[in-house]
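Note sheet for the following structure.
The values are calculated or read from the model by the stated rules, or taken from the named source; none is laboratory data. Please read all numbers here as calculations on a predicted model, not as lab measurements. Neighbour counts run over all protein chains shown; Cβ positions are idealised from the backbone, glycine included.
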Amino acid sequence: MKWQSLACLVALCGSTAALREARAVEPVDPKLIPEARKLLDYAVSVQGKKILTGISRFGGGPPAVLHRTGREPAISGTDIYGFHRKFGEQYHKVVRGVVEHCKHWWHAKGGIVALHCHWGVPGYPDSTAWGDKRRKPLRIDLAKAVTPGTEENRSVIGDLKVTADYLEQLADARVPILWRPLHEIDGGWFWWTDKETPENTAKLWRLVFDYLVNERGIHNLIWVYNAAHVANAVRNKDATFEDNVAYRKRFYPGAQYVDIASIDTYANPALGWGKSWEDSRLRAFELMQQVAPGKPLAIGEDQVLLNPDVAQEKGPAWVYCLAWFSDCKQPGWMRHSFNHEHMLTLDELPALAGHNVAPNARIEAPADGTAFGGPKVDLRGVASDRNGNLESVSIHALSGTWRNWFLRSDGQVAKLFPESTRLGEAQLEPDGRWTFAWPNAPDGFHNLVAIARDAEGAVAGSNAIRVAVGIENLARGKTVTASSTSKWGGGIEAAVDGNPWTMWWSDKAQPDPQWLAVDLGAEQTIGAVAVSWWKPYARDYSVQVWDDLEDWMDVGAIKGKGNFYGDMDVVRFKPVKTRRVRLHFTKRAVTWQAYTVYEFAVFKAVPEPTAPKEAR
Ligand SMILES: [Ca+2]
Ligand SMILES: [Ca+2]
């Protein structure tokens, strides 16, 4: 409710002078639309109190955060370029999707939109931001690019026009944007970094600003400057912090062109910061204080969110932190950091859009992956609405097996709700806490979701949780072995730890076949296995048991799997006595990738799913 308290403060002071004072920054675009001014004022108002959270769509976007943490990020960060040949059909298809996502995130969800642009080299249709399509460095003469009348300059303006047409659609839709052009400006890996004469890059920034703001009249952009975690040109071992400041300042276009200054804070021990979860990036903050004096500071990208415990205790006053990925090797980090009181999520934002937006809902218990011995499943959670018009919360069982929700867009997940079985209405308290009792859950797997509705009919789903009822996973915590294990995974035991978010990865360099085997500790009668996959799943594999002839014997198989989402396979077979069970993988879905198994579970039996009866 930061915006409202600021508004109250302004009302109390009652003068335009006070209003000016309350606004810590004047936007660099004097014609900035009121929606964007309100967003900028709000962002500045949180400085030193809390930090806004964000996620990139590259890292799975908001659904990845929702299903891992129960929260949605305040900021959804996207690329308005698209990584496809400019300006072909696929390019436009991707960017149109980005524009639709931005409108949806601001207007329907009431979230904040951030955009950057992996702009391919002007004049080279097959190029990427890194160079040509074979990733060879490809530079254009930036001195010429910023000089009117040159061919290079015409190419720059020609490209900008295409991006401007899309930004204009978002301006027309009155969607404010945290706009981060020429990102990682001093890194040295993108064509816009003039390593020898950084002043040319600064000129390019001013050119982009003048074209979009003054020539095209696009006034929904909050201009976010962005430094790289490493400036390659000062990477030699003798380069000091001061050398970094001096070099990086040369890229800075000037205070009148920047609203917020950001830096990407991937680990850089040489400059004084490590992994995201270790600290709060104080040295990066100090660096940017000198590069962009007086500007509000933000983290444009980091591997995951910074450490909120350190940030709460010691600062610094970052306005926001945007996670580029949705996982790290710290189990539970996403859940901890996005649920931390120092970090602001979507449900905690004020009603910035100025109209009705969707409510928020989360399931707090049981945890995703919980197994219940009996048929009684009790759920509890929280729902809220930033317009104060929350009306109801209902609980639904999604049809089908587990589908990797965090790989899906908001819209894709929403489409699944009508296919779900409504289990009933939750008991909703005035403070938003809700409870739901499901006394007669059938044996088997269930994917449960809470759906909140407001008085105007806006609907939002919670995190989906997977529960197992009345079936015991005989593999859980048992001894597991594999043909290979990659350093990227969570270790081999992650495949049987009962945690649906920890994962075993095979070593992708190892040829097929690959395998994963569990020793149940004693001979058991088994009749089913369940395998939860991440996106690199096995297209073909068999389930094997160790028979009396001391060789592996197939008892079931999956062939030609091709659903993209990974999902969970349940393989049922004629009950067999065995101590050892193995998954034998013969064909990868993603040819250049590994096999990635979240969980390998073994059961006596798994009942065929029956649609749960709707509670009335
Ligand atoms: Ca609402
Ligand atoms: Ca696991």
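May I ask you to say which residue of A323, A361 is within 21 Å of the chain's Cα centre (by Cα), of a type in the set (G, A, S), surrounded by 18 or more Cβ atoms within 10 Å (Cβ to Cβ) and more than 16 Å from ligand 1 (Cβ to nearest atom)?
Exactly one of A323, A361 is within 21 Å of the chain's Cα centre (by Cα), of a type in the set (G, A, S), surrounded by 18 or more Cβ atoms within 10 Å (Cβ to Cβ) and more than 16 Å from ligand 1 (Cβ to nearest atom), namely A323.
Contact list please: Cβ distance under 8 Å, first residue in segment 345-369 and farther than 24 Å from Q427 by Cβ, second residue among the β-branched types (V, I, T) and within 16 Å of ligand 2 (Cβ to nearest atom), pairs at least six apart or on different chains.
Note: pairs meeting the criteria are G369/I465; G369/V467.
Condition check ((1) away from ligand 1 (no atom under 16 Å from the Cβ); (2) among the aliphatic types (A, V, I, L, M); (3) surrounded by fewer than 21 Cβ atoms within 10 Å (Cβ to Cβ)) across all residues:
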{"site": "R386", "(1), (2), (3)": "no, no, no"}
{"site": "H396", "(1), (2), (3)": "yes, no, no"}
{"site": "E429", "(1), (2), (3)": "yes, no, yes"}
{"site": "A437", "(1), (2), (3)": "yes, yes, yes"}
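If I filter segment 294-320 down to residues being crowded, with 24+ Cβ neighbours inside 10 Å and of a type in the set (G, A, S), which single residue comes out as nearest to A114 (Cα to Cα)?
Ranking the candidates gives G300 first.
Counting only residues that are assigned to a loop (DSSP other than H, G, I, E, B) and among the acidic types (D, E), which one in segment 558-616 is modelled with the lowest pLDDT? Full working, then the answer.
At the first step, the residues of segment 558-616 found to be assigned to a loop (DSSP other than H, G, I, E, B) are 559-567, 589-595, 604-616.
Next, from what is left, pick out any that are among the acidic types (D, E): 567, 608, 614.
Working: D567: 88, E608: 86, E614: 50.
In this case the residue turns out to be E614.
Could you pull out the residue among Q289, Q312 that is at pLDDT 95 or above, part of a helix (DSSP H, G or I) and over 23 Å from G70 (Cα atoms)?
Q289
Picking from G48, G77, G54, which residue would you name as being in contact (Cβ under 8 Å) with a residue 12 or more places away in the chain and assigned to a loop (DSSP other than H, G, I, E, B)?
G48
Please return the ranges of strands (runs of 3 or more DSSP E) entirely within segment 395-499 where 3 or more residues are of a type in the set (K, R). Spell out the reasoning first.
Values: elements: 421-425, 433-438, 444-454, 459-461, 465-469, 479-482.
By residue number, no strands (runs of 3 or more DSSP E) qualify.
Go through the residues of segment 366-389 one by one and say whether even a single one is over 21 Å from W534 (Cα atoms), β-branched (V, I, T) and more than 23 Å from the chain's Cα centre (by Cα). Steps first, answer last, please.
Step one: filter segment 366-389 for residues over 21 Å from W534 (Cα atoms), giving 366, 372-389.
Okay, now just the ones that are also β-branched (V, I, T), so 377, 382.
Now narrow it down to the ones that are more than 23 Å from the chain's Cα centre (by Cα): 377.
Taking every residue of segment 366-389 in turn, at least one turns out to be over 21 Å from W534 (Cα atoms), β-branched (V, I, T) and more than 23 Å from the chain's Cα centre (by Cα).
How about segment 520-546: which of its residues are part of a loop (DSSP other than H, G, I, E, B) and either surrounded by fewer than 15 Cβ atoms within 10 Å (Cβ to Cβ) or basic (K, R) (or both)? Before the answer, list the steps.
From segment 520-546, those part of a loop (DSSP other than H, G, I, E, B) are 534-537; that's our starting set.
If the condition is that a residue be part of a loop (DSSP other than H, G, I, E, B) and either surrounded by fewer than 15 Cβ atoms within 10 Å (Cβ to Cβ) or basic (K, R) (or both), then K535 is the only one that fits.
Yes/no matrix, rows are residues, columns are (1) within 21 Å of K314 (Cα to Cα); (2) buried (at least 17 other Cβ atoms within 10 Å of the Cβ):
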site	(1), (2)
F209	no, yes
V213	no, yes
Y225	no, yes
V230	no, yes
R235	no, no
I260	no, yes
L271	yes, yes
S276	yes, yes
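Could you pull out the residue among T193, T201 that is assigned to a helix (DSSP H, G or I), in the same structural domain as A114 (by TED's automatic domain parsing) and without any contact (Cβ under 8 Å) to a residue 60 or more places away in the chain? Lay out the reasoning, then the answer.
Details: T193 fails: assigned to a helix (DSSP H, G or I).
Result: T201 is the single residue among T193, T201 that is assigned to a helix (DSSP H, G or I), in the same structural domain as A114 (by TED's automatic domain parsing) and without any contact (Cβ under 8 Å) to a residue 60 or more places away in the chain.
Considering only segment 232-269, state which residues are assigned to a loop (DSSP other than H, G, I, E, B), aliphatic (A, V, I, L, M) and at pLDDT 95 or above.
V258, A267 - these are the residues of segment 232-269 that are assigned to a loop (DSSP other than H, G, I, E, B), aliphatic (A, V, I, L, M) and at pLDDT 95 or above.
Would you mind stating whether S276 is under 28 Å from M503 (Cα atoms) and in contact with a Leu (Cβ under 7 Å, 6 or more places away or on another chain)?
The answer is yes for S276.
Select, from R180, R139, R154, the only residue that is of a type in the set (K, R), modelled with pLDDT of 95 or more and under 25 Å from E301 (Cβ atoms).
On the way: R139 fails: modelled with pLDDT of 95 or more; R154 fails: under 25 Å from E301 (Cβ atoms).
Exactly one of R180, R139, R154 is of a type in the set (K, R), modelled with pLDDT of 95 or more and under 25 Å from E301 (Cβ atoms), namely R180.
Scan segment 364-376 and tell me whether some residue there is among the hydrophobic types (A, V, I, L, M, F, W, C) and within 16 Å of ligand 1 (Cβ to nearest atom).
no
Could you tell me which of the residues K38, K93 is more than 18 Å from the chain's Cα centre (by Cα), free of Cβ contacts under 8 Å to residues at least 60 places away in the same chain and surrounded by fewer than 23 Cβ atoms within 10 Å (Cβ to Cβ)?
Within the list K38, K93, the selection yields K93.
To keep it simple, each residue is scored yes or no on (1) under 26 Å from the mean Cα position of the chain (by Cα); (2) at pLDDT 95 or above.
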| residue | (1), (2) |
| --- | --- |
| I395 | yes, yes |
| L398 | yes, no |
| T401 | yes, no |
| S420 | yes, no |
| P430 | no, yes |
| F436 | no, yes |
